[in-house]
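Shown next, in C-alpha cells, is the structure this report addresses.
Just so it is clear, none of the values below were taken in a lab; they were calculated from the coordinates. Just so it is clear, the model here is predicted, and its values are computed rather than measured. Ideal geometry is used to build each Cβ from the backbone, glycine not excepted, and the neighbour counts take in all protein chains shown.
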Amino acid sequence: DAGITQSPRHKVTETGTPVTLRCHQTENHRYMYWYRQDPGHGLRLIHYSYGVKDTDKGEVSDGYSVSRSKTEDFLLTLESATSSQTSVYFCASRGEDTEAFFGQGTRLTVV
Amino acid sequence: GEDVEQSLFLSVREGDSSVINCTYTDSSSTYLYWYKQEPGAGLQLLTYIFSNMDMKQDQRLTVLLNKKDKHLSLRIADTQTGDSAIYFCAESNPDYGQNFVFGPGTRLSVLP
C-alpha cells in the first residue's frame with residue numbers, strides 16, 4: 001500500500017468548535033484530495049491540492065478550508081463544525097500518472 | 001456537473017458471476033476506474049480502463065466500456081464471499097486537477 005495516513009481515525013466534537021484533520025503521504029505525490037463519504041452519495045470532493053500552497057475548491061467546499069505547506073501534508077479544517085459535517089472523511093494522493101491512493105478514513109461525529 | 005450513477009445493491013450466490021454497472025456523463029473522461037471498499041477501510045483500486053479501450057481483463061475481473069452509451073461494467077467471475085464489499089465506479093476529470101468523480105457505490109453481497 002502507498003504510504004498515506006490520516007489522523008485522527010475517529011473524532012467526536014461539539015457543534016461550533018473548529019476541527020482539523022491531517023493527511024500525510026510519503027510518496028512525494030503532487031496531487032492530494034479530501035473527500036467526504038455519505039450514504040447514497042459516494043465520495044464527494046471537498047478540496048484538492050495540485051502542489052504546495054496550491055489548492056482549489058471541490059464540489060462541497062462550504063464550511064471547509066485546507067492548507068498544504070509541505071508536499072507530504074494536507075490539512076482539512078472545519079472552521080465551526082456543524083451536524084451536517086458528520087461524515088467519514090477520506091484523503092487521497094496521486095502522482096502524475098498513477099491511480100489515487102486512499103487513506104483509511106476519519107470518522108467525524110459532530111454532536 | 002459531472003455525474004456517475006450505479007445501482008446501490010447487488011446480491012449473488014457464491015460461485016456465480018457478478019456484474020456491476022455504471023453510467024457516466026462526462027464524454028471527455030480519460031480514465032474510468034473501479035475501486036473496492038471493504039468495511040471500515042479506505043478505497044483500493046481494482047482496475048481501470050483507458051477511454052479508448054473497449055475491454056480489459058485482469059484475472060477474475062473483466063471491464064467493459066461502451067463509450068457511445070457512456071456505460072461501464074465490472075464483471076467478477078466465480079464470485080467469492082471475500083468479494084463482498086462496496087464497489088465504486090469513478091471517472092477522471094481533467095478539469096479538476098485529475099480529480100475523480102465517484103458514483104454512489106454498489107454494495108455487493110455474496111450469499112453462500
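Quick rundown of the values:
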{"quantity": "For region A:14-56 and region A:86-111, distance of Cα centres in Å", "calculated": "6 Å"}
{"quantity": "Extended-chain gain in nm, criterion 0.36 nm per residue less alpha-carbon gap, A:Leu75 and A:Thr98", "calculated": "6.1 nm"}
{"quantity": "The protein assembly as shown: mean projected area of Cα convex hull, nm²", "calculated": "11.9 nm²"}
{"quantity": "Within the protein assembly as shown, percent of DSSP bridges classed antiparallel, to nearest 5", "calculated": "90 percent"}
{"quantity": "Kirkwood Rh and Cα Rg combined as Rg/Rh, chain A", "calculated": "0.94"}
{"quantity": "Region B:1-92: projected area of the alpha-carbon convex hull, averaged over directions, in nm²", "calculated": "6.0 nm²"}
{"quantity": "Estimated inter-spin distance, B:Asn52 and A:Ser84, nm [label 7 Å along Cα→Cβ]", "calculated": "4.3 nm"}
{"quantity": "Peptide B:99-108, shielding by other chains (average Cβ, 10 Å cutoff)", "calculated": "5"}
{"quantity": "Violating pairs (Cα-Cα greater than 29 angstrom) within the set A:Lys11/A:Lys70; A:Lys11/B:Lys56; B:Lys36/B:Lys56; A:Lys57/B:Lys56; A:Lys53/B:Lys56", "calculated": "A:Lys11/B:Lys56; A:Lys57/B:Lys56; A:Lys53/B:Lys56"}
{"quantity": "Semi-axis lengths, Å, region A:38-81, gyration tensor of Cα atoms, sqrt of 5 times eigenvalues", "calculated": "20, 12, 9"}
{"quantity": "Residue-averaged beta-carbon neighbours from other chains (10 angstrom radius) around A:37-44", "calculated": "6"}
{"quantity": "Inter-label distance for A:Ser7 and B:Asp78, nm, one decimal - labels placed 7 Å from Cα along Cα-to-Cβ", "calculated": "4.3 nm"}
{"quantity": "Exposure rule at most 15 other beta-carbon atoms within 10 Å, DSSP loop trypsin sites (Lys or Arg not before Pro): chain A longest free segment", "calculated": "A:54-111"}
